[in-house]
Amino acid sequence: MTGPARHLPGRFPAAAIFFQLFFFFLAVTSATSGKVRVEKSQRTIPDWTRRVPEADENYLYFVGRATGTRTLEDAESDAAANAIRQIVTAIGVEASFTYDRLRKEADFLLQDRLSLSGSSHIIGLKRMESYYEKQIINEGDSLKTTFNAHVLVRYPRESLQTEIARLEQESTDRVQIAEKLLKDALRLEESGAFDGAYRKQIKVVELTQKPSVHLSEAAARRLAMLRHRAIEAARDLSFMLRRISVEPVEIGDRPSGEMGQASVFTEALENALLKAGFQPERIEQSIRAEVVPKVIASCRENGVSSLDAGFYSSLWTATISVLDPRDDSVLLSEVYSAKGFGPDPARAGLDAQRKLRVEVFNTFARQARDKFETNFGSGG
């Protein structure tokens, strides 16, 4: 069958819709909670809203739907985004489309100038027809208005096949690139260029982390194997090179502003580790979690004591650990204490916090360095 002939160019401004409402068919029905008035953009509900048109020799048809939105514009955008989601699902790249991206691309579709960017190239997608309903519910002294929308679009069969072929080739190329990077990394490691080898391994992990679409079973197994080998190799090198991930430091929950100091503590811990020869890692968080040891720290106040002549002391403790990225097992864990003094509890606490940052963190960094040197080599 062929697509419907009617075509509505561009997005309908809400004001234009309401200006023409007197042309619309009004339907009034009873509801248990009050009266419902339905205003339709067409007297007869189009058949395609109930049954998606079958594909013909040239085009595939999709119907996007949205219900219960607060504005007509939201209904339009949600319906168009729903249609696009169906198409990218058919192609196999739905994972790369966030909600915000779908809404952005929906706006292009509603303006009849769709040009999707990124990992999917949807060429030739066209909006054919739209249908709207406005529901006004009268509940006593209040009115509630909602909108439903349907959008019919067509997508060329040829574009679908072209895009699938492109993605197949892209996935195949990714396997070949990952294989080359892994070989380069092994050569660098054999020559003693450990830092360069580590960077190559991280590139392999990044490359193999991306979703692969329309990849053959054999190529998918190969990609998974490459990822596993790269993670294992990069993990070993991360210990040797003292690459680490410093997690945000947890601060005690007393209402004296400690939470605002979390970033200060985290930076101080990073700086202490840097001075001890560690390299805080900036790669993507999901990769850090699999590859590099993780440093976690928790600092809390244990108590405040009143001394002679209105002087106070504050006792803080810090628990700092290094976790293995393989299974989060503890490689090193130490508990430290710091006592601060001041004319009031707040300033005594600040003095203890300063000692944690300046003294305790540096002590831990030196102990961690000794642990790494003893167990994992000096890292050059």
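The values are calculated or read from the model by the stated rules, or taken from the named source; none is laboratory data. Because the structure is a prediction, the values reported are computed rather than measured. A quick note on method: Cβ atoms are made from the backbone with ideal geometry, for glycine too, and the neighbour counts reach across all protein chains shown. When the accessible area is computed, the model is the full protein with side chains, heavy atoms only, and any ligands, DNA or RNA have been set aside. Shrake-Rupley method; radii C 1.70, N 1.55, O 1.52, S 1.80 Å.
Of note:
- Looking only at segment 36-60, and only at residues there that are within 23 Å of residue 124 (Cβ to Cβ) and part of a strand (DSSP E or B), the one that is least open to solvent (accessible area, probe 1.4 Å): 60
- Residue identified as under 17 Å from residue 286 (Cα atoms), under 24 Å from the mean Cα position of the chain (by Cα) and assigned to a helix (DSSP H, G or I) among 178, 230: 230
- Checked against (1) out of contact with any Lys or Arg (no Cβ under 8 Å at 6 or more places or on another chain); (2) within 30 Å of residue 136 (Cβ to Cβ); (3) charged (D, E, K, R), residue 76 passes all but condition (1).
- From the list 174, 166, the one residue that fits, being touching a helix residue (DSSP H, G or I) at 6+ places or on another chain (Cβ under 7 Å) and farther than 17 Å from residue 69 by Cα, is 174.
- Of the residues in segment 157-165, not one is part of a loop (DSSP other than H, G, I, E, B) and of a type in the set (A, V, I, L, M).
- Applying the set (1) out of contact with any Asp or Glu (no Cβ under 9 Å at 6 or more places or on another chain); (2) at pLDDT 90 or above; (3) part of a loop (DSSP other than H, G, I, E, B) to residue 112 leaves exactly one unmet item: (2).
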